[in-house]
Amino acid sequence: MQLFVQRLFDALANGSTYALVAVALVLIFKATTLVNFAQGELAMLGAFVTLVLAYEQGIPMWLAVFLAMIILGVFAAGVERVLIRPFDPADHLPLVIITLGLFLGINAMAGIVWRFDPRSFPELFPSGNAFTWGSASLRWYTVFTVLTVLVTIGLLQLLLNKTKIGLAFRAVSSNLESSELVGIRVGPTLQFGWALAAAVGTLGAAVYVADPFRQLEPSIMLRVLIFAVSAAALGGLDSLWGALAGGIAIGAIQSLVVPYVPFIPNELGLAAAVVVLMLVLLVRPAGLFGTPAVSRV
Amino acid sequence: MPIKILAGSSQHQLYKVITWSLFALLVAGVAFAYVDVGSISLGENNYNISLIRLNKAIAFAIAILGLQVVAGFTGQLALGQSFFFGMGAYASAWLMADHDWPFLLTFIVVVPLCFVIGIVMGLPALRIQGLYLALVTLGFAAVFPAIVKLDRLFSITNGVGGKATGPDGRKYKLEPPEWLPLDGIAETLQKIPLLGGYFGDGGISSKQEERMWAFMMFTLIAVVCFWMVANLIKSRQGRAMRAVRDNPTGAAVSGIDLARTKAMSFGIASALGGVGGAVYVAEVGLASPDDFTQLLAINFIVGLVVGGVGTLSGAVVGGLVIALVPDWASSTQEVGFLPERWLQGPTGSLILGLLLILLTFFLPGGIVSAARTLKNKIVRIIPRGPNGEVPGGASLATPVTADDTPDEPDSPVDELVGAVD
């Protein structure tokens, strides 16, 4: 029982970091119906920027994370303007290729600049346990990670529903051509979506590596991206709260289902996530909370 | 002013014979010239072009050919080619090492195995489209190393250590047959005035013979694959594939079975991936789980795009690029303006990533399309009309009469495809 509770807590911690990256994917998907394969690498870049700001410039940790979010936001806005906007959003192949190119490029660039040896990342949250019950313990890290995700999604909801740019963003994501006709500047709005996504992704990566059991290195987000993609697809690719639900569900599958179901070997947590992704796309392409795509044939 | 050659004329035959003989000569020449370590020197840097690297390039080219079939000609973003590449490699290594099969015989198992698994894994793809398919297939590619490392498969895959192709962890030897006088040929080549120096001196060791034989055999396997795919693309099935790519609804309306066509293309692509993997493992001698990650899958996509999506020769160019660029990048010691640090990390991946982005912008047809534009300035093959009539001046002189109307094409889609290409 205590092991079960411990695994439940692990599921919460993992799931909420997946949810943060999934939220970033959802933001870009809402804007451009594109899954950004480079999202994980952008987030990894953000974590490195945070580290540089905190260690080399001596900026307090949380301020460093905030500055890194802004820097990555600006960077992603530039990427959108230069690399994404020239292409037809309906034609997927060039866009997939561009984001894969970004993926390779950013990963290699980080490897060149920071090398592949793992670095320890300063803790963002107080260490120690909030609550212990026998061998099961709820770490403060888990508590604050869940809180961070809730606050982030809450703030994003406020931003999208209560501000003018949020309104423009929702209009563009619901119908690009009509919003162009009513005078919304579509380009900058999409750019805003990319910037927002990169910022949230950066936060996600920072929180992910702030776990004292993890270290930062350029390939850290490879696995996370796949978990996040399954989480986003499970929750519905255009739903923010869905991303949270999907993230927790994927975390639960990784920490609960895989250890308890005898025929799935432990190493296959990643495979389980991919299978979930495939099943979701097969059975319910809109995910749990997403809007089904309707098209006129 | 280009030389114009009419398709099907005797000049065209001659042109084909000449270009193919040149190709064969090139292959043989490369085999003898670069058997050890051929290198090009630029400034302080040496760039190696040994057969070891070229053999890898051949393996990659075959896998990219598979991607061409599924992504280039059928338009399905099934991008997890490294999965089948790895599977072919492991299956072939397992048969050679544990069951003493000769290398060529392993294809009897590798091809059907990858074909069937490709179709099975492609079945969900009949419902999943575009971007989502790319997600799922790249996901599978990422999972492959974990599957191979499973404890339950240890007896077959040898876990983290990797599976060697020969018994007791040694490399499988590709013995050249007795009748092939490689030594004699090398001797003759060395006697050619002026050029002889490129072919080294003295006799060739058994190790070099082995390497040469491997190169020739791999080239032959690749030629067979390319020849089969070229015919496939021209066949009814191939036209159906291109119709599915260009307009799925139109294709379905014209009576093409979308599901069957897509499933076939998945199967063929996976089989080619498996063949590529088998060639790779025969060259490298060891199938190691971390060689077949999603990074390899992404490298294949780079090869696809750099060579040119939807072209067969693009697969060759792509294979060479992804085999040689990372290798050359890491052997570059000094470039004038770049700090040394930039040359020591994964510079090759950085170049591949940049290539991917730049080519999508400036040369969407890849290197092959640029080469074709160049070639058309020198030699131009003029195709005949549907009835074999000669286009241009000759056909304009004799106006088409009512009797001459071309036969009805098989289906409207055939016509459409003909017009597109």
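All of the numbers you see were taken from the coordinates with simple rules; none came from a lab. Predicted, not measured: the structure shown is a model, and the values here were computed from it. Using ideal geometry, Cβ is built from the backbone for each residue, glycine included, and neighbour counts are taken over all protein chains shown.
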Original post:
Where the convex hull is taken over the Cα atoms of the stretch B:3-385, what is its projected area averaged over directions, in nm²?
Top reply: 22.4
Original post:
In bins 5 Å wide, starting from 0, what share of all Cα pairs of the stretch B:231-280 does each bin hold, as a percent?
Top reply: 5, 21, 25, 21, 12, 9, 4, 2, 0
Original post:
Are any of the pairs B:Lys4/B:Lys234; B:Lys56/B:Lys149; A:Lys30/A:Lys162; B:Lys149/B:Lys207 more than 29 Å apart by Cα-Cα distance, and if so, which?
Top reply: B:Lys149/B:Lys207
Original post:
If you place +1 on the Cβ of every Lys and Arg, -1 on the Cβ of every Asp and Glu, and leave all else neutral, what size is the dipole of the protein assembly as shown about its Cα centre, to the nearest 20 Debye?
Top reply: 1220
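Grab the DSSP H runs of chain A that are 4 residues or longer, score each as -39,500 (n - 2.57), total them, divide by all residues and round the 222 nm result to the nearest 500 deg cm²/dmol.
-22500 deg cm²/dmol
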Original post:
Which whole number gives the average count of other chain Cβ atoms within 10 Å of the Cβ atoms across peptide A:214-223?
Top reply: 1
Original post:
Using the Kirkwood formula over every pair of different C-alpha atoms, what hydrodynamic radius in Å results for the stretch A:168-288?
Top reply: 16.3
Original post:
Which parts of the stretch B:105-139 would a label at B:Leu258 reach, counting a residue when its backbone N lies under 20 Å from a point 7 Å out along Cα-to-Cβ?
Top reply: B:119-137
Original post:
By average Cβ neighbour count within 10 Å, what is the ranking of A:212-223, A:69-80 from highest down?
Top reply: A:69-80, A:212-223
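Which whole number gives the average count of other chain Cβ atoms within 10 Å of the Cβ atoms across peptide A:79-86?
1
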**OP:** Could you work out, residue by residue across A:90-98, how many beta carbons of other chains sit within 10 Å of that residue's beta carbon, and then give the average as an integer?
**Re:** 6
**OP:** Would you mind putting A:189-201, A:125-137, B:308-320 in packing order, based on average other-beta-carbon counts within 10 Å, highest first?
**Re:** A:189-201, B:308-320, A:125-137
**OP:** Would you please give the FRET efficiency between B:Ile382 and A:Asp91, computed as 1/(1 + (r/R0)^6) with r the Cβ-Cβ distance and R0 = 41 Å, to the nearest 0.05?
**Re:** 0.80
**OP:** Could you list the square roots of 5 times each eigenvalue of the Cα gyration tensor of the protein assembly as shown, that is, the equivalent ellipsoid semi-axes, sorted largest first and rounded to whole Å?
**Re:** 46, 33, 25
**OP:** Subtract the Cα-Cα distance of B:Trp20 and B:Leu126 from 0.36 nm times their separation in residues, and report this length gain in nm to one decimal.
**Re:** 34.3 nm
